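Below: the structure, in structure tokens.
Taken together, the values in this text are just the output of simple stated rules run on the coordinates, not laboratory data. Because the structure is predicted, anything quoted here is derived from the model rather than measured. All Cβ positions, even for glycine, are placed from backbone atoms using ideal geometry, and neighbour counts span all protein chains on display.
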């Protein structure tokens with residue numbers, strides 16, 4: 001299939017989905033609401049940190065790496081492989097909708113309403129908070145309360161980082177966030193992941209490609225034509 005037909009079919013897929021989106025939906029308010037909930041929960045966790053010891057700060061890079069690995073694993077696995085139950089819904093939402101609507105040749109949203117296909121559904125922030133709470137409880141049990149609270153803050157903060165990065169990669173390159181130097185540096189790996197020929201094999205980290213580099217799934221090369 002040619003690039004022009006890929007582009008056309010992607011836009012048609014978007015139009016089909018957007019026709020079912022409620023008229024009241026506003027992508028910018030979706031994004032703001034997710035960030036407000038996340039920031040408030042992170043702030044509440046931070047308020048409970050007292051007499052922080054230097055050794056407890058090790059929790060931050062460790063939790064960040066675990067979150068980066070989790071992002072890579074979920075993206076490489078459930079998001080791109082059909083399964084039964086909730087995992088099957090993840091596959092439908094990500095592969096059959098998001099990837100079908102945004103290819104490497106048509107990455108940018110045409111309006112804020114199309115963020116419905118880029119951002120996670122709003123209830124997902126609550127699910128992420130529950131996962132972060134469980135992980136924090138385990139860390140608290142094994143180490144300290146401060147370490148547990150730091151774990152929660154990093155885990156939920158990583159969720160917001162994912163949303164910010166993913167949003168920036170799907171905004172027009174001329175937008176304020178699209179012109180950001182960090183966005184420009186990272187956009188290429190995610191764009192290559194949206195190439196149908198590559199999406200099952202490379203660039204599963206949407207934020208920073210740390211685990212992609214460690215696991216040999218990082219692809220920085222431009223696809224050669226002809």
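What the table shows:
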| read-out | value |
| --- | --- |
| Fewest-first ranking of 65, 102, 152, 120, using other Cβ atoms within 10 Å as the exposure measure | 65, 120, 102, 152 |
| Order of 114, 89, 221 - criterion: other Cβ atoms within 10 Å of each residue's Cβ, fewest first | 221, 89, 114 |
| Relative contact order of the chain, pairs being alpha-carbon contacts under 8 Å that are 6 or more residues apart, as % | 26 percent |
| Most mobile of 41, 57, 150 in a GNM of the chain (Cα contacts under 10 Å) | 57 |
| Length gained when the stretch residue 11-residue 140 is fully extended (0.36 nm per residue, less Cα-Cα span) | 41.7 nm |
| Taking 149, 192 and counting other C-beta atoms within 10 Å, the order from fewest to most | 192, 149 |
| Sum of -39500 (n - 2.57) over DSSP H runs of 4+, divided by residues of the chain (222 nm, nearest 500) | -18500 deg cm²/dmol |
| At q = 0.09, 0.15, 0.17 Å⁻¹, base-10 log of I(q)/I(0) for the chain (Debye sum, equal scatterers on each alpha carbon) | -0.40, -1.07, -1.33 |
| Extended-chain gain in nm, criterion 0.36 nm per residue less alpha-carbon gap, residue 179 and residue 126 | 16.0 nm |
| Alpha carbon centroid spacing (whole Å) that separates the stretch 140-196 from the stretch 15-44 | 16 Å |
| Paramagnetic label zone (point 7 Å from Cα along Cα-to-C-beta, residue 112; backbone N under 18 Å) in the stretch 32-67 | 32-37 |
| Gyration tensor verdict on the stretch 61-121 (Cα atoms; rounded if a/c is under 1.5, prolate if a/b is larger than b/c, oblate otherwise) | oblate |
| GNM result for the chain, Cα springs below 10 Å: residue of 96, 79, 47 fluctuating most strongly | 47 |
